[in-house]
1. Condition first: surrounded by fewer than 19 Cβ atoms within 10 Å (Cβ to Cβ), within 16 Å of the ligand (Cβ to nearest atom), at pLDDT 90 or above and hydrophobic (A, V, I, L, M, F, W, C). Now tell me which residues in region 87-123 satisfy that.
2. Return the total of residues in region 177-202 being in contact with a Ser or Thr (Cβ under 7 Å, 6 or more places away or on another chain) and either among the β-branched types (Val, Ile, Thr) or closer than 19 Å to Trp124 by Cβ (or both).
3. What are the residues in region 164-203 that are of a type in the set (Gly, Ala, Ser), in contact (Cβ under 8 Å) with a residue 24 or more places away in the chain and loosely packed, with under 15 Cβ neighbours inside 10 Å, if any?
4. Look through region 261-270, keep the residues that are outside any strand (DSSP E or B) and surrounded by 22 or more Cβ atoms within 10 Å (Cβ to Cβ), and return whichever of them is nearest to the chain's Cα centre (by Cα).
5. Of all the residues that make up region 15-31, how many are in a loop (DSSP other than H, G, I, E, B) and more than 21 Å from the chain's Cα centre (by Cα)?
6. Can you tell me which residues in region 32-86 are β-branched (Val, Ile, Thr), surrounded by 19 or more Cβ atoms within 10 Å (Cβ to Cβ) and assigned to a helix (DSSP H, G or I)?
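The values are calculated or read from the model by the stated rules, or taken from the named source; none is laboratory data. As the structure is a computational prediction, the values presented were derived from the model and not from experiment. Here Cβ is always computed from backbone atoms with ideal geometry, including for glycine, and neighbour counts include all displayed protein chains.
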Amino acid sequence: MRQSRRVFQTSKANEHIVNQIDVNKVSDVAGAEILNINLSKPLPKFALEKIMKAFTQHHVLIFRQQNLSKIEQESFTRNFGEIEGHVGRLPNGQRLPNVHTVTNIDNLTGKPTAAPHTDGNYHWHTDKSYHAVPSLMTLLHAVDIPPEGGDTLFCNMHMAYDALPSEQQKKIANLRAVHSWEASRKNTGNIPATEKQRRERPPVSHPIVCTHPETGQKSLYIGMHTSHIEGIPEIEGKNLLDELLEAATTSKNIYRHKWQSGDLVLWDNRCLLHRGDKNFKMDKHRRILHRTVVKGMVPF
Ligand SMILES: [Fe+2]
């Protein structure tokens, strides 16, 4: 197993809180609440170590009642590694900033909209699997959320792999799926990738069965960014990926996060798929979250 190379910030600023940090599991699938901690201040080393231990164990961490500026969120994110840039662009053509906004607010009207530009978020995926080096961790901070709904679902892909019949585990053991931004746009019915985006993000392949670098556990690494499987007929590969995804995303493998205002939720993209749920009135209620992503490592 690989050793973590993370360097933690150290400070006494949060020390009075840290001794009371509680980790409360919220489901058997994934997820734990971390209570009594203020993420707007630098954290001492042992607090970050406690957070990392909980992250490895529970895959999804929920910090309640946080009030973070974008700068504070960026600073907290840097505790876990290098911040990942984004292939997407703002309407004015500029790259998305390190802390970018996930929103259903229309740029022109300033009002909530159900326009399909964010549809990709509502399909099962693991962040940036179309990169040769995909995301380790994603953080979302709930700034403005609907009175109900707008949940985020997480699927435990260790459990999904473990539930497969052993013959199927053997069949897929050495297969590699092809992931691309172009396939992602196609699979979600989104605006096709531009020529420039295709050049910037050419297809990459990753093992379908990956090993978690911290725990050695195997998981399925698939989702909406995939198009086919290397070395087998395209339609056959696509069908196998669909079959695996359907089996994986059975309700018993899913944790549903119901957002509370101020939640900072972070998760492990190496062993989870996630998606948003449109279970709210998208054209009526605001849903605004601030997002940061930590660069990971080559899946193996
Ligand atoms: Fe995502």
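1. The one that is surrounded by fewer than 19 Cβ atoms within 10 Å (Cβ to Cβ), within 16 Å of the ligand (Cβ to nearest atom), at pLDDT 90 or above and hydrophobic (A, V, I, L, M, F, W, C): Val102.
2. Going through region 177-202 one residue at a time, the tally reaches 5.
3. First pass over region 164-203, keeping only residues of a type in the set (Gly, Ala, Ser): 166, 173, 177, 180, 183-184, 189, 193.
Next cut, in contact (Cβ under 8 Å) with a residue 24 or more places away in the chain only: 173, 177, 180, 183-184, 189.
Answer for region 164-203, where residues must be of a type in the set (Gly, Ala, Ser), in contact (Cβ under 8 Å) with a residue 24 or more places away in the chain and loosely packed, with under 15 Cβ neighbours inside 10 Å: Ala173, Gly189.
4. Asn269
5. Here is the first cut: in region 15-31, the ones in a loop (DSSP other than H, G, I, E, B) are 19-21, 26-31.
From what is left, the residues that are more than 21 Å from the chain's Cα centre (by Cα) are 19-21.
Qualifying residue count, region 15-31: 3.
6. Ile51, Thr77
One line per residue, one yes/no per condition, for (1) in contact (Cβ under 8 Å) with a residue 60 or more places away in the chain; (2) of a type in the set (Lys, Arg); (3) within 16 Å of the ligand (Cβ to nearest atom); (4) surrounded by fewer than 18 Cβ atoms within 10 Å (Cβ to Cβ):
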| site | (1), (2), (3), (4) |
| --- | --- |
| Ile208 | no, no, no, no |
| Trp259 | yes, no, yes, no |
| Leu272 | yes, no, yes, no |
| Asn279 | yes, no, no, yes |
| Thr292 | yes, no, yes, no |
| Gly296 | yes, no, yes, no |
